[in-house]
Amino acid sequence: MEQKFLDSGLAGVVPPSLKPGDGVAIVSPASHIDSTLIDSAVAALAAEGYSPVVGAHARGCSGSFSADREGRLQDLRDAILDESVRAIICSRGGYGAVHLLEDLDRIDSQYFSKWLVGFSDITALHALWLRKGYASLHAAMAKYIGRREQFPCFRDEMSMLAWDGDLSRFDRHYGPHRFNCRGECRGRVVGGNLAVLGGIIGTPFDPVRPGDILFIEDIAEPIYKVERILWQLRLRGVFGRLGGLMVGQFTEYRPSADHPDMETMIDRFTAGYDFPRAYGIPSGHIEENAPLLMGAEAHLRVDASGVCLSYV
């Protein structure tokens with residue numbers, strides 16, 4: 001089996017574990033949300049022994065956003081600077097987190113040593129956290145946490161946030177897939193929502209470095225648009241320097257005559273590369289949405305038995 005260990009960027013430091021009584025901020029940095037979902041998430045977090053704090057604008061509505069740019073920025077800035085807050089859980093994704101990157105980037109890196117939790121549009125903030133030197137958790141947000149009885153990964157997510165210093169708690173094991181490409185590599189796990197990632201590639205917030213393990217997922221994008229983004233990444237040299245690729249869930253997409261299936265298109269697109277590729281990762285816009293530690297260094301192994309992602 002080929003091993004591919006390239007020079008990657010600096011791995012993000014895993015934030016300290018959550019302890020009973022720690023403050024957990026809920027913010028809405030992008031689209032607005034039904035406030036009752038925030039209320040349910042507050043109850044779920046309090047039942048876990050944490051002290052939830054809801055951003056002043058988190059329950060608001062301003063057009064498609066939770067608030068104007070300044071309001072959303074204020075909530076996230078306050079949560080970052082508040083030393084009693086040890087985790088920031090986004091209420092939902094949507095669109096709007098990218099508006100906040102430039103201003104948040106002016107905050108000293110030391111204040112980012114706390115958990116960021118979210119996915120989808122929050123991919124932009126995961127990139128910011130890594131730029132500041134810290135890992136973060138690609139996982140379900142308040143929208144799902146409030147339904148903890150029906151949400152299958154709630155306990156897994158809470159366990160990761162309360163980790164005890166043993167990185168093996170974040171290890172992932174997945175079964176085989178017909179498009180998997182065998183091999184192994186070592187690098188940082190980066191990426192998230194492909195459309196959001198495509199928008200920041202080549203900017204100061206671009207998270208991808210040589211040797212990284214890229215994770216991608218998306219929702220409601222036609223296959224040709226996903227292919228267009230992949231070409232954008234390819235022409236910027238991203239695929240030529242990857243250590244490995246993990247393909248998550250692409251849901252609610254629209255097939256076409258040229259591209260009847262998303263995974264088939266991605267498999268054909270990446271056929272000329274020699275890095276290991278893992279398909280069917282159960283993370284993305286699905287109910288299961290298994291948590292992933294982003295920004296930390298990991299070892300990816302893909303073989304006949306399936307996929308093993310272990311953090312080092």
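Tell me, yes or no, whether region 206-216 has at least one residue that is free of Cβ contacts under 8 Å to residues at least 40 places away in the same chain, more than 23 Å from residue 85 (Cα to Cα), buried (at least 19 other Cβ atoms within 10 Å of the Cβ) and among the small types (Gly, Ala, Ser).
Checked against the condition, which is being free of Cβ contacts under 8 Å to residues at least 40 places away in the same chain, more than 23 Å from residue 85 (Cα to Cα), buried (at least 19 other Cβ atoms within 10 Å of the Cβ) and among the small types (Gly, Ala, Ser), region 206-216 yields no hits at all.
If you check 56, 97, which single one turns out to be touching a helix residue (DSSP H, G or I) at 6+ places or on another chain (Cβ under 7 Å) and open to solvent by less than 10 Å² (accessible area, probe 1.4 Å)?
Being touching a helix residue (DSSP H, G or I) at 6+ places or on another chain (Cβ under 7 Å) and open to solvent by less than 10 Å² (accessible area, probe 1.4 Å) holds for just one of 56, 97, which is 97.
Of all residues in region 193-204 being in contact (Cβ under 8 Å) with a residue 24 or more places away in the chain and open to solvent by 20 Å² or more (accessible area, probe 1.4 Å), which is farthest from residue 9 (Cα to Cα)?
In this case the residue turns out to be 195.
Identify all residues within region 221-259 that are of a type in the set (A, V, I, L, M) and free of Cβ contacts under 8 Å to residues at least 24 places away in the same chain; write none if there are none.
Correct list: 235, 257.
Just for region 167-181: of the residues that are open to solvent by less than 40 Å² (accessible area, probe 1.4 Å) and either touching a Cys at 6+ places or on another chain (Cβ under 7 Å) or of a type in the set (Phe, Trp, Tyr) (or both), which one is nearest to residue 37 (Cα to Cα)?
Filtering first and then ranking leaves 170.
Do we find that residue 41 is in contact (Cβ under 8 Å) with a residue 40 or more places away in the chain, crowded, with 23+ Cβ neighbours inside 10 Å and over 24 Å from residue 170 (Cβ atoms) in this structure?
no
Pick out the one residue from 83, 102 that is more than 20 Å from residue 218 (Cα to Cα) and either part of a helix (DSSP H, G or I) or not acidic (Asp, Glu) (or both).
The unique qualifying residue is 102.
Just give me the residues in region 122-166 being closer than 14 Å to residue 13 by Cα, touching a residue at least 24 places away in the same chain (Cβ under 8 Å) and surrounded by fewer than 17 Cβ atoms within 10 Å (Cβ to Cβ), in sequence order.
133, 165 - these are the residues of region 122-166 that are closer than 14 Å to residue 13 by Cα, touching a residue at least 24 places away in the same chain (Cβ under 8 Å) and surrounded by fewer than 17 Cβ atoms within 10 Å (Cβ to Cβ).
Open to solvent by 40 Å² or more (accessible area, probe 1.4 Å), in contact (Cβ under 8 Å) with a residue 40 or more places away in the chain and farther than 18 Å from residue 223 by Cα: which single residue out of 263, 287 fits that description?
Testing whether each residue is open to solvent by 40 Å² or more (accessible area, probe 1.4 Å), in contact (Cβ under 8 Å) with a residue 40 or more places away in the chain and farther than 18 Å from residue 223 by Cα leaves just 287.
Residue-wise test of (1) among the aliphatic types (A, V, I, L, M); (2) within 18 Å of the chain's Cα centre (by Cα); (3) modelled with pLDDT under 95.
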residue	(1), (2), (3)
184	no, no, no
190	yes, yes, no
194	yes, yes, no
205	no, yes, no
209	no, yes, no
214	yes, yes, no
223	yes, no, no
228	no, no, no
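When the residues of region 66-90 are filtered to those that are in contact with a Pro (Cβ under 9 Å, 6 or more places away or on another chain) and farther than 16 Å from residue 23 by Cα, which remaining residue is surrounded by the fewest Cβ atoms within 10 Å (Cβ to Cβ)?
73
With respect to residue 209, is the statement that it is in a helix (DSSP H, G or I) and more than 25 Å from residue 287 (Cβ to Cβ) true?
No.
Can you tell which of 275, 250 is modelled with pLDDT of 95 or more, in contact with a Leu (Cβ under 7 Å, 6 or more places away or on another chain) and aromatic (Phe, Trp, Tyr)?
275
Find the residue count for region 217-243, including only residues that are open to solvent by less than 10 Å² (accessible area, probe 1.4 Å) and in contact with a Gly (Cβ under 7 Å, 6 or more places away or on another chain).
Result for region 217-243: 3.
Just the residues that are at pLDDT 95 or above, assigned to a loop (DSSP other than H, G, I, E, B) and open to solvent by 10 Å² or more (accessible area, probe 1.4 Å), please, taken from region 291-312.
Of everything in region 291-312, those that are at pLDDT 95 or above, assigned to a loop (DSSP other than H, G, I, E, B) and open to solvent by 10 Å² or more (accessible area, probe 1.4 Å) turn out to be 304, 305.
If I filter region 105-120 down to residues being open to solvent by 10 Å² or more (accessible area, probe 1.4 Å) and in a helix (DSSP H, G or I), which single residue comes out as nearest to residue 154 (Cα to Cα)?
120
Which residue is surrounded by the most Cβ atoms within 10 Å (Cβ to Cβ), if the candidates are limited to region 246-260 and must be in contact with a helix residue (DSSP H, G or I) (Cβ under 8 Å, 6 or more places away or on another chain) and assigned to a strand (DSSP E or B)?
Once the filter is applied, the top-ranked residue is 247.
The values are calculated or read from the model by the stated rules, or taken from the named source; none is laboratory data. Since we're looking at a predicted model, the values are computed, not measured. A quick note on method: Cβ atoms are made from the backbone with ideal geometry, for glycine too, and the neighbour counts reach across all protein chains shown. The area values use the complete protein model at the heavy-atom level, side chains included, leaving out ligands, DNA and RNA. Shrake-Rupley method; radii C 1.70, N 1.55, O 1.52, S 1.80 Å.
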